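Just so it is clear, none of the values below were taken in a lab; they were calculated from the coordinates. This structure is a prediction, so every number in the text was calculated from the model and none was measured. Counting neighbours? That spans all protein chains shown, and the Cβs are built from the backbone with ideal geometry, glycine included.
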């Protein structure tokens, strides 16, 4: 016998082998399918919503039966009783429907009547003609397996009815029938029954409450027992909610290749098992609801789903107070010993009479456990009218006191209704609704009941409901095409929109297939249809396995016949932590709400007291990782809910690039009813910036990316939207209150410890100190260059590195060659020539056929000056570099300029100061720079503080700060390095040089955007020294917000006429130092003053400052914009003038224009600095008071 944990391991991680087939339900349909497939050597798992009911478990009195009933009132939307109750009662408007739940399904509590399918039903136009070919063979096979037997004697009720219906009331005849009950006759029984010890029928009359003497041949004692003996796994108390095709099967981006099974069978919103074949046999309501739920998740089904619902013409009445010797009350154990066998009530139904009008009436015994008053006035009305209610009360008193009570009997009528009932799905309430079919024979049935009552005497209690049914058929009708049914005659579910006519591997095998009323007890009909479907199902499975070279499992014959292999999944939930989370926000500017349910994994061994620190080094503790279910409402994209098919959550994701930052990562695969699939990626970014001042905002804000998944060869347009979700204080409290599981205290403790480690202790998770070295082969592969020493006008020597293009350019048509490109770096940083990156900007431009010139000015570590300003770079270094290019190419050459950060400030000073002639500039591209320079709040706050003047004092005469930890440095330099490392910054790093540089200048990039090798090269080989002489001038520019001279005077913006050229301004959408307002103002300035030229502004989401040029994804997301701008400028005529020359921008319209990215510089970004100021003032005044 396998352990319960083995099945729990199979739930939903997609890494398991799964099953060949999963059967849902264990009634007359599911047990047949499971048996036939298991006996064919197919690996099968049967899942049953209910529990296993042994003979001693069935209720024997009214009090016990109340605990075995679940009532669902669909009108009021309320329900009570256990979900796995034996009796499931559904009330909808004027209809009442009762179904059974448990291993064996309806066979547990029905009368076991086995009657061949009438010829009238098989001649119905809706009846599949394909069934007729093997129907008799399948019927015989089902009858043999169920071990049906004749009733040995005529019991009292059968005798009375036989005398009355003998032509006296209406022309009728007795129907020959057998029961799946063991009367211990000398008849051959099935092999299953031989191996299962069964009791002998004692004629107690309690069949409809479950046989307490183990004499009924329910499916768990024959078909299902044989399936278990053949190796079938059975899982109880586990409900299947929906099935979907493997969501990763047809994607262009298949994330998980291991998920190879064709179907996912979901046991709840989160857990699923995988299988190649799924057989739905959950009964009419269960199967139809599963398909409706699956349809809501994109499974294409016929419009006929839910149509053709039949109640088999069911009508029930109760006859009480009769003086006739009916003996139709069930007997308890004490009473059995006092009454001879022939005088006992007998099985629940032992006789059946069919009327010429086309309906059948059967007399049934009321079990001793049934509450009689329910049938005497509470759910019924009496006929003839009068004091029928008091009659019921008096009769009950007589029965309880063992006083001789009057006789009673249940009357059950069946016939042929119009089969036009409907089962629908209520999306808002997430449940099915049903309306019964029209029953044209209902008046005749009631008239027959009244005639019987007159003959027998007593009072007839008629149901208050128009339809009271226990025999449900249809809803997933079998038909030849999807216009008339849901399945084909072999049980395969139609796919109305797919290239194939059916969903491969999805079957229905239960009463919902039957397309019309059968007029009699349908148990044998259902089992026969299941035999037919199973015959084709087994053939389909074996063919699929053979075509895919899948070996059949080895059958074990030594398994115990009494071993059920049942697994219960409830216990597994207790060891996990489950909670709900509701977030609201906007994606792409459109409102959206996520209703999520998380199940955190705890299948780890409990560690020692220091377990948190052990797990926190490189990976997240298992209890902080889990799976996600639920749904997302995004009405602007899909009118229905987007259900989570596969969700993952990690509340403490570790990234070695950002060891101080904690990420809470969400990955949701969403399915819409339209069939579309979407992926929602979200993360909460927890930075230890200013300790925990941003903790609330960061822990309640989820940055999301929403994209549509494009199927293979679908030709659909891609969608990629960004936005944010927020969780309110109230929703957060609800989440805490919703925590379930024995480990919820441990979960909260671990989560708080991660926040403590991130915000307060600031202990890194991992390190950048891995040995990333630049290999010689990488350096040798870099294009050869020439270094030119250039003397500027003021006598300072700078350098320019030249790369000549050795390939024929293919980007321009005609004889014109691509123009040279001059690259200007930021302050002391290298952003273009990157040996570690295969696609840096230098290589990219060389591929385009351009000659590259990289300026290394006096701010570069190789030419570092002790005294200079940004104005010196613009006045002397930039003109000197351009003159050197002109010297080699001629005075008529025009140059494309690409500048970054301080380089952009310098080139604008050169142009607007008149130091460079516009005749030599073809275009200008600036990255995070322009004639404006707008910093974010924290960087601006540092500029307003006297940090730079104090740094100049500390440095003294030597204003070149060494950055390497191993370099020799004076005490002054060490002091400044120490102070810089303690200055707050957006992202901390374990690298010494990175901490010093970002402390002085601020974070230059988001660490997650650059590769570890790039990070190592930057700080160990590139950024070795930082010339700080220009910081006072840079401070003046930052405070002014635009370029000014060394004295802080605006000498440049007053000359817009000197900017007559095409421009491109690029900003990072996730600003670090310079905000997108920098490019917005520059773009606006150029459109206003130079409308005749092409001007473009780009904001690249996810990038900060330098990572726009040095990031791993820069060549895909940034460089194409630069290349496009250069190409268009080259094609636009002299000086890049466009065809739209002369177009004017309205000054008023430019004034109306707002920056779409102004949120980066809004009040929220000022909150942390303001909070620091307020705290400082509070402590200052508090100390002064004392």
> Using a simple spin-label model with points 7 Å from Cα along the Cα→Cβ vector, what separation in nm is obtained for residue 887 and residue 426?
Replying inline: 8.7 nm
> Taking Cα centroids, how far is region 900-954 from region 958-1009 in Å?
Replying inline: 21 Å
> For residue 433 and residue 61 in one chain, what is 0.36 nm times their gap in residues minus the Cα-Cα distance, to one decimal in nm?
Replying inline: 130.8 nm
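By counting other Cβ atoms within 10 Å of each Cβ, how are 702, 1123 ranked from fewest to most?
By the 10 Å Cβ count, ascending: 1123, 702.
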> What is the calculated FRET efficiency for residue 303 to residue 700, with r their C-beta to C-beta distance and R₀ = 56 Å, to the nearest 0.05?
Replying inline: 0.80
> Where does region 575-761 land on Rg(C-alpha)/(2.2 N^0.38 Å)?
Replying inline: 1.07
> Ranked by Cβ crowding within 10 angstrom, fewest neighbours first, how are 207, 476, 433, 620 ordered?
Replying inline: 433, 620, 207, 476
> Rounded to the nearest 5, what is the percent of antiparallel bridges among the DSSP beta bridges in region 61-148?
Replying inline: 65 percent
> Can you sort 639, 154 by how many other beta carbons sit within 10 Å, fewest first?
Replying inline: 639, 154
> Among 955-965, 879-889, 1069-1079, 736-746, what's the highest-first ranking by average C-beta atoms within 10 angstrom per residue?
Replying inline: 1069-1079, 879-889, 955-965, 736-746
>> Under a crude label model (7 Å from the Cα following the beta-carbon direction), how far is residue 500 from residue 130 in nanometres?
In response: 1.4 nm
> Between residue 806 and residue 966, 0.36 nm times their residue separation minus their Cα-Cα distance comes to what?
Replying inline: 53.6 nm
>> I need two numbers for region 450-514: Rg to one decimal and Dmax as a whole number, Cα atoms only, in Å.
In response: 20.1, 64
